[in-house]
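Structure, as structure tokens:
Only the coordinates and a few stated rules stand behind these numbers; no lab work does. Predicted model only: the values in this text are computed from it and were never measured. In this analysis, Cβ positions are derived from the backbone assuming ideal geometry, glycine residues included, and neighbour counts consider all displayed protein chains.
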Amino acid sequence: MSRFEYLTDSYAGFYLEHNIGSGLFRYIKLTRKAKFRQFWEVKGVVGGLTDANRQLNFTSSSPFASLNNKMYLEAGTGVDNILKFFRVDFIWRVLPQPLPEIKSERFGVFVGFRVSL
């Protein structure tokens with residue numbers, strides 16, 4: 001989801017992530033030694049906007065949209081434990097339909113890092 005793409009008054013969201021472990025990387029010697037971990041994830045949110053806020057925020061030139069109590073859903077996979085700190089996520093937008101016509105808005109690659117003490 002792009003930043004500030006959807007406006008909501010109230011929402012409910014969820015995030016599920018499952019670490020598969022070495023997964024496919026156990027079959028490749030170089031990645032086995034690097035101890036990469038594979039994971040999958042699903043993120044979703046359902047939200048709506050009251051009529052008062054809809055009138056206030058939506059004008060003819062407004063770049064915003066509302067989910068109208070429909071679900072927004074992303075699914076992804078990725079690699080964790082790269083150099084013990086970094087991870088790469090590959091995310092696909094699944095809902096709401098219809099998906100954006102520009103294919104680069106349907107898919108994203110994100111790099112993050114994590115420090116554990």
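Summary table
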quantity: Two-site FRET efficiency, Y15 against F64, from Cβ-Cβ distance with R₀ of 25 Å, rounded to 0.05; calculated: 0.60
quantity: Hits among lysines - C-alpha to C-alpha of K35 under 17 Å, sequence gap 8 or more where chains match; calculated: K84
quantity: Two-decimal log10 I(q)/I(0) for the chain, as the Debye equation yields it once each C-alpha is a single scatterer, q = 0.21, 0.23 Å⁻¹; calculated: -1.16, -1.27
quantity: Neighbourhood net charge (12 Å Cβ-Cβ; Lys/Arg +1, Asp/Glu -1) for L95; calculated: +3
quantity: Karplus-derived 3J(HN,Hα), 6.51/-1.76/1.60, for each residue of the stretch 103-110, Hz, glycine and proline x; calculated: 5, 5, 8, 9, 9, x, 10, 10
quantity: Candidates F39, F25, F85: whichever shows maximal mean-square fluctuation once the chain is modelled as a Gaussian network with Cα springs under 10 Å; calculated: F85
quantity: Rounded to the nearest 20 debye, dipole of the stretch 68-115 from Cβ charges on Lys, Arg, Asp, Glu; calculated: 100
